[in-house]
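Chemist: Please see the structure below; I have some questions.
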Amino acid sequence: DHRDLHSFPTRRSSDLDGLILRGRTQAKLGAPLKAADDFDTALPKLRRLTPEHYIERAQILVSGDKKFRARALAGIAEGIEKLGDLHTLHRHAAQLEIAAGQPEAALRRVSQLVAKFDGHLRWRILEAE
């Protein structure tokens, strides 16, 4: 019953995994904004955040409509702020910037990381890509 889908996480507000699951389900049902809202509610409260949580929310948003790229990119920036300069998050941010027609922003992002991490090979490879 679809009512159970909407009431489950609210009945057990501590069940953040339920919110994530509901978000994933909303995405599969074609409701990316509702899905992203569930992620928005759960992410600040999760104890074990991963880059994949932020990337999944971004992917859900852009799967619904390309006009949500700015919100997706802001969500990746939130992940970078919380988790640090992780390669997976910056790679996804650069991909979003390129898809949005902002390759200069993507190159600037990666060039700053190359400088910050003293030319580390992982960042140089991303810069080359």
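The values are calculated or read from the model by the stated rules, or taken from the named source; none is laboratory data. This structure is a prediction, so every number in the text was calculated from the model and none was measured. Please note: Cβ atoms are built from the backbone with ideal geometry, for glycine as well, and neighbour counts cover all protein chains shown. Surface accessibility is based on the protein's heavy atoms, side chains included, excluding ligands, DNA and RNA. Shrake-Rupley method; radii C 1.70, N 1.55, O 1.52, S 1.80 Å.
Chemist: Are there any pairs, at least 6 apart or on different chains, whose C-beta atoms fall under 9 Å, with the first in the range 118-129 and more than 11 Å from residue 87 (Cα to Cα) and the second outside any helix (DSSP H, G or I), and if so, which?
Modeler: Matching pairs, first to second residue: none at all.
Chemist: Within the group 127, 97, 104, 78, which residue is modelled with pLDDT of 95 or more and either within 20 Å of residue 34 (Cβ to Cβ) or assigned to a helix (DSSP H, G or I) (or both)?
Modeler: Numbers: 127 fails: modelled with pLDDT of 95 or more; 97 fails: modelled with pLDDT of 95 or more; 104 fails: modelled with pLDDT of 95 or more.
Sole residue among the options that is modelled with pLDDT of 95 or more and either within 20 Å of residue 34 (Cβ to Cβ) or assigned to a helix (DSSP H, G or I) (or both): 78.
Chemist: Please enumerate the residues belonging to the range 45-69 that are closer than 14 Å to residue 86 by Cβ and either touching a Ser or Thr at 6+ places or on another chain (Cβ under 6 Å) or part of a helix (DSSP H, G or I) (or both).
Modeler: Filtering the range 45-69 down to residues closer than 14 Å to residue 86 by Cβ leaves 49-55, 58.
51, 52, 53, 54, 55, 58 - these are the residues of the range 45-69 that are closer than 14 Å to residue 86 by Cβ and either touching a Ser or Thr at 6+ places or on another chain (Cβ under 6 Å) or part of a helix (DSSP H, G or I) (or both).
Chemist: On to the next question. At pLDDT below 95, open to solvent by 70 Å² or more (accessible area, probe 1.4 Å), within 15 Å of the chain's Cα centre (by Cα) and farther than 30 Å from residue 118 by Cα - does that describe any residue in the range 2-9?
Modeler: No, the range 2-9 contains no residue that is at pLDDT below 95, open to solvent by 70 Å² or more (accessible area, probe 1.4 Å), within 15 Å of the chain's Cα centre (by Cα) and farther than 30 Å from residue 118 by Cα.
Chemist: Please go through the range 38-89 and pick out each residue that is farther than 18 Å from residue 17 by Cβ and of a type in the set (Lys, Arg).
Modeler: Residues of the range 38-89 farther than 18 Å from residue 17 by Cβ: 58-59, 61-89.
Scanning the range 38-89 gives 66, 67, 69, 71, 82.
Table: residues versus (1) under 10 Å from the mean Cα position of the chain (by Cα); (2) farther than 27 Å from residue 112 by Cβ; (3) surrounded by 14 or more Cβ atoms within 10 Å (Cβ to Cβ); (4) in contact (Cβ under 8 Å) with a residue 24 or more places away in the chain.
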position	(1), (2), (3), (4)
26	no, yes, yes, no
42	no, yes, yes, yes
49	no, no, yes, yes
61	yes, no, yes, yes
64	no, yes, yes, yes
86	no, no, yes, yes
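Chemist: Output the residues belonging to the range 88-124 that are β-branched (Val, Ile, Thr) and open to solvent by 80 Å² or more (accessible area, probe 1.4 Å).
Modeler: 98
Chemist: Please work out if residue 85 is farther than 17 Å from residue 36 by Cβ and either among the charged types (D, E, K, R) or at pLDDT below 90 (or both).
Modeler: Details: farther than 17 Å from residue 36 by Cβ: yes; either among the charged types (D, E, K, R) or at pLDDT below 90 (or both): yes.
Answer is yes for this residue.
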